[in-house]
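**Q** The following block contains the structure, expressed as structure tokens.
The values are calculated or read from the model by the stated rules, or taken from the named source; none is laboratory data. The shown structure was predicted, so the numbers you read here are calculated from the model rather than taken from an experiment. Ideal geometry is used to build each Cβ from the backbone, glycine not excepted, and the neighbour counts take in all protein chains shown. We work out accessible area using only protein heavy atoms, side chains counted, and drop any ligands, DNA or RNA first. Shrake-Rupley method; radii C 1.70, N 1.55, O 1.52, S 1.80 Å.
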Amino acid sequence: MEHTEPHSTEPEMANRQGAAQRPNGAQGKICQFKLVLLGESAVGKSSLVLRFVKGQFHEYQESTIGAAFLTQTVCLDDTTVKFEIWDTAGQERYHSLAPMYYRGAQAAIVVYDITNQDTFGRAKTWVKELQRQASPTIVIALAGNKQDLANKRMVEYEEAQTYAEENGLLFMETSAKTALNVNDIFLAIAKKLPKYDQNQGQSGQGQGRRLAEGDQGAKTPGNCCK
Amino acid sequence: MAEANPIQEGFLCPICHKDLRSPKKLINHFQDLHSEEQDILKSIKDFYGKAKKKILKLDDQDLETFKNEITLENLYLECSEPQPPGCSTSHTDFFKSIRRERLEHQTAETNKLVIRLDKLLRLDNTDRKQQEQILVAWLDGTTVNRCPSCAATFNIARRQHHCRLCGSIMCNDCSVFLSFERAQSIVVPVQNLGITNKEGTRGRENDNFRICSHCSDMLEQRRIVQAEQMMQPIITQLYAHLQKLKSQVDSLVELYQKMYASLTSGESTFQLQDAQSLKASIGTKAETIDTISKKICSLPILEPNPKVEMLQNSIRRATSNYIKDYLLTLPPLPSIKELAAIKENRLLRVSKEDNEQNVNTVKIKRVTVTTGWSPSSLENSVQSDTESDPLMEQINIVRNYITQARSAQRFEEVVALEENLRMLKKAYRQNQLAKTEETKENNYQLQ
């Protein structure tokens, strides 16, 4: 299935596939990142991902069971970034599963619905939880989804903006329906991720970074147990 | 591009992407396989990192087939998500069969005990122990070192005792004493139901059977079951009482209404005092009925059962309606003055009618009276006859009866007796008249 919809916002997208398969990997780095979507149920996490990955939008998106896993590759300058996206189920009964998914994630998108104040509150608690329990270097983005319903807005842009600034989050209002800011937010995350710090000799994969992190992790428990 | 990005969904393990199908399994799987391993595995993976990179394409293919599997599983998952209730089996019959067996065993054992008890009771007091042992074989105590129920060792201070019903061994502390009276009542159950509900007293052995707690429990169980079978629930008892009172009140009210009708029409069959006392007694009965129904309504409900509650409430409602509609609407009695007025009216009316009807007879009577006997002489004769005249005696007796009946509030009887009395008086008067006629005749003849 060709990605038929022209997402003119990012021209780089056109050659991401090519970048991934570029034979001379020396020039183009490949980074792989684990990204997790969190948020109250029915705020549009799956829609956001579906829009980003497949360029599709379903008016009646079924609610996610457990979690969904998708990948998408984007090209950023000369770097190819592969997102491993974990789209979690927002329903409260699956809450206990979330830590499994955000554990070791380099990025997270916390989604709320701008037409529902409660979801914004829930998003805040998700941010708090991430700051407390997820990897300390995690890049968190706040997405105010359903921007197409701005006339029913219950969460002011400024309010969310301020909150995001205070907590050092990326913030955008998105719309999976109109595709507004969907690719932008993923790209913004990709830019913010510390891919350049990676020693690219190690691997083109984001694995490298993960492993570096894993090394740190391995040392600490090693010290405490011995 | 699509093949690069199939969507996996379900309870995916974040490490191995396996769909575990349920949150619980996923968590278990994650904890078992990936919690500690994660860090170690990662470092191991590091070694293979480069090699892996080379076979990345292969990996992708693997992943592909894997993902296909997953989607199939997803399909399964979606189909099976809202599970309808499965088939159900009734185990009642099985349960009943087990229960029946148990109950039969229990009854047989208990009956055995009762039969033994009956035989034991028939023993005469001489040589009791020997006879008891003939009836129930006592367990050989030589090998029993400890009391089977409290595990205390037997010694000189703590001696072995035998249950007279099953022959088993226990110490004194563990034995229960069943009095002869109680044993009798167990053997002949009709006499005792609900009278003695005390467990066999612990104490002297002279007029008690020493039995073990096991046998005691069995007998006690039997007693409870029997008592339960005989006993009606409190609500039924109260309601029966209520109904009895109601029927009493019904007859009283009927009588009262009769009295009222009679009184207000000026008749003198009943007396005002009687009616008043009757009304008072109806009132007190009504009060009792009311309190009983209140009690029924406020009976504690042991197991919350809406039907019981409904029953209690509706009994209460029906009763209060009954009192309101039936008893409180009783017509008030006329006062003495009113009654007098009514009576006068009636007298007037009656005398008018009488006058119209009996003008002639009255006249004749008057003639006879004026010409005939002198009242003084008649009185004398009456006085003298009082003792001897059987009619007068009868009248007196009836009068006595009336006062008795009135004090017992048997107003129907009072009415009947008064009727009797009137008849007697009439007869007496006629008798007297005949007598005076006779004397007159005699006098006439004498003259």
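**Q** Could you say which residue among A:160, A:108, A:98, A:143 is under 27 Å from residue A:54 (Cα atoms) and assigned to a helix (DSSP H, G or I)?
**A** Step by step, each of A:160, A:108, A:98, A:143 is checked, and only A:98 is under 27 Å from residue A:54 (Cα atoms) and assigned to a helix (DSSP H, G or I).
**Q** Right, here's the next one. Within segment B:407-425, how many residues are in contact (Cβ under 8 Å) with a residue 24 or more places away in the chain, open to solvent by less than 30 Å² (accessible area, probe 1.4 Å) and under 24 Å from residue B:249 (Cα atoms)?
**A** Residues that pass the stated criteria total 2.
**Q** Here's another thing I want to ask about it. So residue B:402 clears everything in (1) part of a helix (DSSP H, G or I); (2) at pLDDT below 80; (3) touching a helix residue (DSSP H, G or I) at 6+ places or on another chain (Cβ under 6 Å); (4) not acidic (Asp, Glu) except one condition, right? Which one?
**A** Condition not satisfied by residue B:402: (2).
**Q** Let me ask you something else. Of the residues B:365, B:352, only one is open to solvent by 60 Å² or more (accessible area, probe 1.4 Å) and either modelled with pLDDT of 75 or more or in contact with a helix residue (DSSP H, G or I) (Cβ under 8 Å, 6 or more places away or on another chain) (or both); which?
**A** B:352
**Q** Would you check if there is a residue in segment A:116-139 being in contact (Cβ under 8 Å) with a residue 24 or more places away in the chain, within 30 Å of residue B:31 (Cα to Cα) and in a strand (DSSP E or B)?
**A** Checked segment A:116-139: at least one residue is in contact (Cβ under 8 Å) with a residue 24 or more places away in the chain, within 30 Å of residue B:31 (Cα to Cα) and in a strand (DSSP E or B).
**Q** Among residues belonging to segment B:283-304 that are of a type in the set (A, V, I, L, M) and more than 22 Å from residue B:330 (Cα to Cα), point out the one that is modelled with the highest pLDDT.
**A** Filtering segment B:283-304 for residues that are of a type in the set (A, V, I, L, M) and more than 22 Å from residue B:330 (Cα to Cα), the one modelled with the highest pLDDT comes out as B:296.
**Q** Could you tell me how many of the residues in segment B:325-337 are open to solvent by less than 100 Å² (accessible area, probe 1.4 Å) and not in a loop (DSSP other than H, G, I, E, B)?
**A** Adding up the residues that qualify gives 2.
**Q** Right, here's the next one. From (1) open to solvent by 10 Å² or more (accessible area, probe 1.4 Å); (2) under 13 Å from the mean Cα position of the chain (by Cα); (3) of a type outside the set (D, E, K, R), pick out the condition that doesn't hold for residue A:100.
**A** Condition not satisfied by residue A:100: (2).
**Q** Could you list, in sequence order, all residues of segment B:186-213 that are modelled with pLDDT of 55 or more and surrounded by fewer than 19 Cβ atoms within 10 Å (Cβ to Cβ)?
**A** Matches in segment B:186-213: B:187, B:188, B:189, B:190, B:206, B:207, B:213.
**Q** In segment A:46-71, which residue that is in a helix (DSSP H, G or I) and open to solvent by less than 10 Å² (accessible area, probe 1.4 Å) is nearest to the other protein chains (Cβ to nearest Cβ)?
**A** It comes out as A:53.
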